[in-house]
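Below: one structure, written as structure tokens.
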Amino acid sequence: MNVFKEKHALKVYLSKLKAQNKTIGFVPTMGALHQGHLSLIKKAKEKNDLVVVSIFVNPTQFDNKEDLAKYPKTLSNDTKLLESVSCDILFHPTVAEIYDKNIISKKFDFDGLEHEMEGKFRDGHFDGVGTIVKTLFEIVEPDKAYFGKKDFQQLQIIKKMVKKNRIHVKIKGCEIFREKDGLAMSSRNARLSKAHREAAPFIYNTLKQARKKFGTENASTISEWVEHLFKNHPLLDLEYFTIAEEKTLKTIKNKESGKKYRAFIAVFAGDIRLIDNIRLKNN
Ligand code: AMP
């Protein structure tokens, strides 16, 4: 695996490969890699000649300084994992290489997607995400880029950004990779206490039950039921639960035929914030 810390050197290297008509798949990450990340990389390997993975903990997408400071960094293990899936290129820049001295986000208009769910609770988060993903796309210029549905709102926002800015990258959404007990894999899971880790599968179990209820009950009743469940939970604090349309991410009260819906949830397990979502059937 070739490792680059400098964008210019990476661009020069990639331009030679592009001149040989090699297709490039790109997987942006913040590191502390797990099987969820690897599933994206494997998909990218299948569909492209070469895969570039970036590891960059992007400061401008964190509204919480402590979360940024405590974000796990496991580069030597990440390198081993990347080699185990035959990743071709790792881009691991410093903050200065990406932002120089100006560590601020650009402002984006994602047609309102940025104001729903995570946007309500993480101030400026999606401007930070837009800034880093656009910058990385300009450096790597991939054919395809792979994002997890674990961060479904992020995936929709990136699709919107690419469309609005006419960026020539195909955005591929990948299914959520879970632990055996159903907990969605996340770099933050490693920071959970033993008790919180044991409690955390409650989140996905609740989503599965909500999916079942969606067949017969309306969205507001399901939301109230979830809120009640978490009120009685000794270890997990609900930040939000909502049933929303996939396209607009707007919360719904009642379902309409022909539309696609998902249930989205954010939960605090101690000071660790976990998110998850599930596709709902709409017959
Ligand atoms: P992160 O390093 O958390 O920024 O994640 C990098 C990419 O991996 C994003 O596109 C995430 O949505 C994706 N990802 C993270 N966890 C999972 C998971 N459990 N299943 C699928 N994709 C994931």
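Only the coordinates and a few stated rules stand behind these numbers; no lab work does. Everything numeric here is computed off the predicted structure, so don't read it as measured data. When we count neighbours, we look across all protein chains shown, and the Cβ atoms used for this are built from the backbone with ideal geometry, even at glycine.
Helix content alone sets the calculated 222 nm mean residue ellipticity of the chain: runs of n ≥ 4 DSSP H residues at -39500 (n - 2.57) each, divided across all residues, give -11500 deg cm²/dmol. Helix 75-84 and the longest principal axis of the Cα set of the chain meet at an angle near 80°.
A simple rule links phi to the HN-Hα coupling: the Karplus curve 6.51 cos²θ - 1.76 cosθ + 1.60 with θ = phi - 60°, which for the range 104-120 gives 9, 8, 7, 9, 10, 10, 9, 6, x, 4, 6, 8, 8, 5, 4, x, 6 Hz, with x for Gly and Pro. Distant-in-sequence amide contacts of Lys170, defined by a placed amide H-H separation under 5 Å and a gap of 5 or more residues or a different chain, comprise Lys144, Ala145. Ranked by how many other Cβ atoms sit within 10 Å of their own Cβ, fewest first, the residues Tyr71, Tyr261 fall in the order Tyr71, Tyr261. Consider a paramagnetic label point 7 Å from the Cα of Thr74 along Cα→Cβ; state which residues of the range 37-59 have an amide N under 20 Å from it. It comes to 37-43, 53-58, nothing else. With Rh defined as the Kirkwood radius, the inverse of the mean 1/r over Cα pairs, the Rg/Rh of the range 1-149 is 0.96. Arranged from fewest to most other beta-carbon atoms within 10 Å of their beta carbon, His125, His228 become His228, His125. Binning the C-alpha pair distances of the range 73-175 at 5 Å intervals from 0 yields a P(r) profile of 2, 11, 19, 20, 23, 16, 7, 2 %, listed from the shortest bin outward. Comparing the chain with the 2.2 N^0.38 Å rule of thumb, its C-alpha radius of gyration ratio is 1.02 (two decimals). Full extension of the chain between Lys11 and Asp271 yields a length gain of 89.7 nm, computed as 0.36 nm times the residue separation minus the alpha carbon distance. Residues whose amide H falls under 5 Å from that of Ala32, counting only those 5 or more places apart or on a different chain, are Thr74, with hydrogens built in the peptide plane.
Backbone phi angles across the range 87-95, fed through the Karplus curve with coefficients 6.51, -1.76 and 1.60 (θ = phi - 60°), yield HN-Hα couplings of 4, 8, 9, 10, 10, 9, x, 7, 4 Hz in residue order; Gly and Pro are listed as x.
On full extension, the segment bounded by Met1 and Asn254 gains 86.1 nm, given 0.36 nm per residue less the C-alpha separation. Among the listed pairs Lys107/Lys172; Lys45/Lys106; Lys16/Lys144; Lys7/Lys150, those whose Cα-Cα separation exceeds 22 Å are Lys107/Lys172; Lys45/Lys106; Lys7/Lys150. With 0.36 nm allotted per residue and the present C-alpha distance subtracted, the Asn283-Val95 stretch has 62.9 nm of extension available. Pairs exceeding 30 Å between alpha-carbon atoms, taken from Lys18/Lys70; Lys22/Lys247; Lys194/Lys253; Lys170/Lys260; Lys43/Lys253: Lys18/Lys70; Lys22/Lys247; Lys194/Lys253; Lys43/Lys253.
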